Amino acid sequence: MPGRSDFRLYHSNALDVLGDLFATQLREPLPGRPLLTPDVVLIPQVAMRRWLQSTLAQRHGIAANLRFLTPGEFVRETLDANVPGASDDLDASAMQWSLYAQLADPAALSGRAFAPLRAYLSGDDALKPWALAGELASIFEKYQAWRRDWLLAWEAGEEPNDAQAELWRRIAGGRRHRARRIDDYLARFAAPDAPLPTGMPARLFAFATLNISPDVLRVIATQARVGTLHFHVPTPSRRYWGDLPTYAERLQQDPAEHEDENPLLSNWGAAGRDFMAVLGGYEVVHPSVEEERYADPEALPDDAPDRDTLLGRLQRDLLHRRAPRPWRKQVERDDPSLQVHACHTRLREVQVLHDRLRALLDNDLPEGRRFDPPLQAREIAVLAPDIDPYRPHIEAVFGGLAGTRDYIPYALADLSPLAGEPPADVFLRLLALPGARFGVSEVLDLVATPAVMEAANLDAAGLERLRLWLHEAGARWGLDPDHRARHDAPADDAYTWRLALDRLLLGHASGDDEDLAGVAPWTGLEGSALDALDALIRVLRVLARHERVLGRSMTPSQWRDVLFALLDALLPEHPRVVADQRAIERLRRHVDAFAKSAQDAGFDEGVPPDVARAYFRTALSESDTRAPLLTGGVSFARMVPMRLIPFRAICL
């Protein structure tokens with residue numbers, strides 16, 4: 001039976017105001033609903049869940065019986081409950097394999113539409129088809145959410161000479177992918193007089209979910225026909241700003257037309273502007289209730305603009321969507337609200353950051369006294385485009401002061417789980433074996449990794465003795481003459497591993513330094529060191545065998561078998577160090593995911609070594625954005641779009 005839409009929209013420039021409103025609404029009972037039914041809350045990132053739980057706990061003493069979902073998860077559950085075809089969905093990983101199968105096959109690119117691609121992919125660079133497949137898969141993934149009409153039109157035969165359209169038809173033809181399922185769902189349930197969808201909660205909260213496509217917003221809005229939808233929207237301006245011209249539009253217009261526009265909104269607010277245009281255009285959704293909850297200093301009777309800080313002035317102008325106006329003759333140097341520091345290295349950046357945060361946290365200094373109540377470490381966020389390069393400097397500067405009065409508690413989020421982990425570094429170096437020169441230092445540094453030493457039953461002292469003996473025996477680089485020849489060196493055994501090991505073993509066996517079959521034995525090897533040498537030879541045999549194997553094209557399942565065997569041969573099954581255990585388990589999951597994603601896409605052709613290495617380099621460097629912020633100390637994290645958490649101090 002058709003239902004009346006109950007879509008309630010709330011605007012505010014203060015996230016804590018929206019948080020208090022959410023806490024009040026959550027406390028209201030819902031007639032006819034079982035008491036233990038959880039409320040569903042849509043959030044943009046995991047960090048928002050933690051903040052909302054903290055806000056509710058402070059307000060009500062407890063935060064429980066809540067189910068937090070991202071908009072994408074909610075849409076997937078809604079489609080699965082109402083539209084068939086869940087098994088036909090195309091994710092980015094499966095699409096990359098399917099696209100790679102097309103792009104790596106010259107016969108598949110014979111059509112007229114592919115002339116530009118044939119020119120780009122010409123040559124013998126095995127990485128080009130894989131890299132292009134990854135970019136196209138990412139684009140098609142976005143198209144499913146933002147350009148549903150394009151994809152469906154392409155499947156209907158439009159744009160016959162467009163390469164993207166033809167590739168999409170080949171990988172998605174006949175499948176009930178997400179774009180088609182969203183189209184089917186909206187056709188059945190979006191109209192006011194349409195039947196009601198199933199599986200919807202009686203009450204739904206959407207909190208700060210800004211960076212979503214019109215189609216996702218339409219699907220979410222269908223819940224308002226079943227129950228009540230509370231949609232909380234943080235916005236920096238109380239005036240409508242979805243009509244701000246884009247940069248390209250401003251270039252074609254008279255600059256005088258935009259003299260009164262706020263430059264921060266105009267230049268940095270593209271994503272928010274687009275969403276406000278969708279929300280405020282009343283074409284995608286039609287709110288039944290709209291409330292404004294702005295924290296506007298100009299609405300207060302004791303407002304004194306002259307006392308604004310520099311940051312406060314910027315926020316005031318943003319709120320009213322106006323250009324900056326003459327204010328003060330010069331910057332007040334004792335105003336710490338907005339600071340810019342020029343630093344020559346990442347280390348210096350972190351050192352200056354620590355000094356400034358100490359000042360902000362010290363209530364005996366002017367910078368600290370300006371906060372009421374006093375600033376806490378958990379209320380500070382430090383954001384960077386990529387946090388991984390800063391990790392060692394943060395741990396040195398902040399972590400190095402642990403146990404002293406200057407220590408500031410901190411937590412790192414959004415790191416790549418395997419970045420800096422020794423087993424992951426070993427794995428990437430093993431993948432590069434086909435191009436390795438097998439220099440003595442290169443091999444011994446790999447063996448010196450704690451996990452490899454543990455598996456080989458080596459200790460640091462034994463490894464150092466081996467390093468000395470190998471040097472004395474003449475080992476420099478190259479496995480044998482054949483290996484040297486493959487690196488365009490003379491095909492002799494001078495300075496190779498084979499010659500050095502022959503000298504060591506002959507010297508140990510004969511105890512004499514007279515030449516045997518043209519080899520001069522080296523007799524300095526101590527009898528008790530044979531175990532260490534034996535362990536090194538075993539490792540070297542594994543490396544030499546896989547130097548050839550990892551240089552071949554193999555199917556994804558063969559890659560999985562070879563890589564599992566390599567990990568088993570060189571790394572311990574149950575490492576003593578817990579971090580190594582976790583890293584090795586993650587490596588195994590990545591190797592399995594490599595083969596499984598190809599299998600799901602129906603790909604079973606040979607994968608060149610360069611492509612396999614590129615896949616794992618990317619997979620091992622991906623950040624984990626599920627790591628929570630607000631853990632009790634300063635939060636170091638990446639600049640994730642629309643990451644809206646009300647920290648009292650933010651450092652970039």
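The values are calculated or read from the model by the stated rules, or taken from the named source; none is laboratory data. The structure displayed is predicted, hence computed values, not measured ones. All Cβ positions, glycine included, derive from the backbone under ideal geometry; neighbour counts span all protein chains shown. Areas reflect the complete protein model, heavy atoms only, side chains present, ligands, DNA and RNA absent. Shrake-Rupley method; radii C 1.70, N 1.55, O 1.52, S 1.80 Å.
Quick check on my filter: what residues within segment 27-53 are in contact with a strand residue (DSSP E or B) (Cβ under 6 Å, 6 or more places away or on another chain), among the aliphatic types (A, V, I, L, M) and not in a strand (DSSP E or B)?
Listed by number, the residues that qualify are LEU30, ILE43.
Can TRP154 be described as closer than 27 Å to THR618 by Cα, aromatic (Phe, Trp, Tyr) and either surrounded by 19 or more Cβ atoms within 10 Å (Cβ to Cβ) or in contact (Cβ under 8 Å) with a residue 24 or more places away in the chain (or both)? Spell out how you get there, then give the answer.
Numbers: closer than 27 Å to THR618 by Cα: no; aromatic (Phe, Trp, Tyr): yes; either surrounded by 19 or more Cβ atoms within 10 Å (Cβ to Cβ) or in contact (Cβ under 8 Å) with a residue 24 or more places away in the chain (or both): yes.
Against the criterion (closer than 27 Å to THR618 by Cα, aromatic (Phe, Trp, Tyr) and either surrounded by 19 or more Cβ atoms within 10 Å (Cβ to Cβ) or in contact (Cβ under 8 Å) with a residue 24 or more places away in the chain (or both)), TRP154 does not qualify.
Just name the residue that is farthest from LEU652 (Cα to Cα) out of those in segment 316-350 that are surrounded by fewer than 16 Cβ atoms within 10 Å (Cβ to Cβ) and touching a His at 6+ places or on another chain (Cβ under 8 Å).
It comes out as LEU347.
Please give the helices (runs of 4 or more DSSP H) falling wholly within segment 458-510 in which 2 or more residues are under 16 Å from ARG541 (Cα atoms) and open to solvent by 40 Å² or more (accessible area, probe 1.4 Å).
Result: 497-510.
Go through ALA14, ALA47, ALA119 for me and flag whichever is at pLDDT 90 or above and either open to solvent by 50 Å² or more (accessible area, probe 1.4 Å) or under 29 Å from the mean Cα position of the chain (by Cα) (or both).
ALA14
Would you point out which residue out of GLU367, GLU395, GLU379 is among the acidic types (Asp, Glu) and open to solvent by 50 Å² or more (accessible area, probe 1.4 Å)?
Going through GLU367, GLU395, GLU379 in turn, just one is among the acidic types (Asp, Glu) and open to solvent by 50 Å² or more (accessible area, probe 1.4 Å): GLU395.
If you take the residues of segment 296-334 that are assigned to a helix (DSSP H, G or I) and basic (Lys, Arg), which of them is nearest to ALA14 (Cα to Cα)?
Once the filter is applied, the top-ranked residue is ARG316.
Only one of (1) open to solvent by 70 Å² or more (accessible area, probe 1.4 Å); (2) free of Cβ contacts under 8 Å to residues at least 24 places away in the same chain is not met by ARG27, so which one is it?
So ARG27 meets the others, but not (2).
Taking into account only those residues within segment 157-171 that are open to solvent by 50 Å² or more (accessible area, probe 1.4 Å) and not charged (D, E, K, R), which is nearest to the chain's Cα centre (by Cα)?
So the residue we want is GLN164.
Could you please find all residues in segment 70-89 being out of contact with any Asp or Glu (no Cβ under 6 Å at 6 or more places or on another chain) and open to solvent by 50 Å² or more (accessible area, probe 1.4 Å)? Lay out the reasoning, then the answer.
Looking only at segment 70-89, we keep the residues that are out of contact with any Asp or Glu (no Cβ under 6 Å at 6 or more places or on another chain), and these are 70-82, 84-85, 87-89.
GLU73, ARG76, GLU77, ASP80, ALA81, PRO84, SER87, listed by residue number.
Do we have any residue at all in segment 48-68 that's within 22 Å of THR222 (Cα to Cα) and of a type in the set (A, V, I, L, M)?
yes
Criterion first (open to solvent by less than 80 Å² (accessible area, probe 1.4 Å), touching a residue at least 12 places away in the same chain (Cβ under 8 Å), in a helix (DSSP H, G or I) and touching an Asp or Glu at 6+ places or on another chain (Cβ under 8 Å)) does ALA137 satisfy it?
When the stated conditions are applied, ALA137 does not pass them.
Residues in segment 130-148 that are farther than 23 Å from ARG118 by Cβ and of a type outside the set (Phe, Trp, Tyr): how many?
The qualifying residues number 6.
Looking at (1) among the aromatic types (Phe, Trp, Tyr); (2) under 24 Å from the mean Cα position of the chain (by Cα); (3) at pLDDT below 95, find the lone condition where PHE114 falls short.
The single condition PHE114 does not satisfy is (2).
Out of the residues in segment 55-69 that are open to solvent by less than 50 Å² (accessible area, probe 1.4 Å) and over 21 Å from the mean Cα position of the chain (by Cα), state the one that is farthest from THR24 (Cα to Cα).
LEU66
Within segment 609-638, how many residues are at pLDDT below 85 and under 30 Å from PRO236 (Cα atoms)?
10
Which residues, taken from segment 558-583, are open to solvent by less than 40 Å² (accessible area, probe 1.4 Å), at pLDDT 95 or above and either under 23 Å from the mean Cα position of the chain (by Cα) or not aliphatic (A, V, I, L, M) (or both)?
Listed by number, the list holds a single entry, TRP559.
Could you list, in sequence order, the residues of segment 398-429 that are outside any loop (DSSP other than H, G, I, E, B), surrounded by fewer than 18 Cβ atoms within 10 Å (Cβ to Cβ) and either of a type in the set (Lys, Arg) or in contact with a strand residue (DSSP E or B) (Cβ under 9 Å, 6 or more places away or on another chain) (or both)?
Within segment 398-429, GLY399, ALA411, ARG429 qualify.
Give me the pairs, please: first residue somewhere in segment 477-504 and modelled with pLDDT of 90 or more and of a type in the set (D, E, K, R), second residue anywhere and assigned to a helix (DSSP H, G or I) and crowded, with 17+ Cβ neighbours inside 10 Å, beta-carbon distance under 6 Å, and either six or more positions apart or on two chains.
ASP480/ARG498
Which condition from (1) in a loop (DSSP other than H, G, I, E, B); (2) buried (at least 19 other Cβ atoms within 10 Å of the Cβ) is the one that PHE616 breaks?
(1)
Considering every residue within segment 354-362, establish whether at least one is open to solvent by 70 Å² or more (accessible area, probe 1.4 Å) and part of a loop (DSSP other than H, G, I, E, B).
No.
Scan segment 567-582 and report the pairs whose first residue is in contact (Cβ under 8 Å) with a residue 40 or more places away in the chain and whose second residue is polar (S, T, N, Q), with Cβ atoms within less than 7 Å and a gap of 6+ or a chain change.
PRO575/GLN581
Can you tell me how many residues in segment 140-151 are open to solvent by 20 Å² or more (accessible area, probe 1.4 Å) and free of Cβ contacts under 8 Å to residues at least 40 places away in the same chain?
Total satisfying the criteria: 5.
Give me the pairs: first residue in segment 358-385 and under 20 Å from THR631 (Cα atoms) and among the charged types (D, E, K, R), second residue surrounded by fewer than 13 Cβ atoms within 10 Å (Cβ to Cβ) and modelled with pLDDT under 90, beta-carbon distance under 6 Å, and six or more apart or on different chains, which are they?
Within 6 Å, the pairs are ARG378/GLY632.
Can you name every residue in segment 227-263 that is open to solvent by 50 Å² or more (accessible area, probe 1.4 Å), out of contact with any helix residue (DSSP H, G or I) (no Cβ under 6 Å at 6 or more places or on another chain), modelled with pLDDT of 85 or more and not charged (D, E, K, R)?
Matches in segment 227-263: PRO263 only.
Quick check on ALA436: is it under 30 Å from SER623 (Cβ atoms), in contact (Cβ under 8 Å) with a residue 40 or more places away in the chain and out of contact with any His (no Cβ under 7 Å at 6 or more places or on another chain)? Break it down into steps so the answer makes sense when it comes.
Working: under 30 Å from SER623 (Cβ atoms): yes; in contact (Cβ under 8 Å) with a residue 40 or more places away in the chain: yes; out of contact with any His (no Cβ under 7 Å at 6 or more places or on another chain): yes.
Spelling it out, ALA436 is indeed under 30 Å from SER623 (Cβ atoms), in contact (Cβ under 8 Å) with a residue 40 or more places away in the chain and out of contact with any His (no Cβ under 7 Å at 6 or more places or on another chain).
PRO287 passes all but one of (1) surrounded by 16 or more Cβ atoms within 10 Å (Cβ to Cβ); (2) at pLDDT 90 or above; (3) of a type outside the set (S, T, N, Q); (4) in a helix (DSSP H, G or I); which number fails?
It is condition (4) that PRO287 fails.
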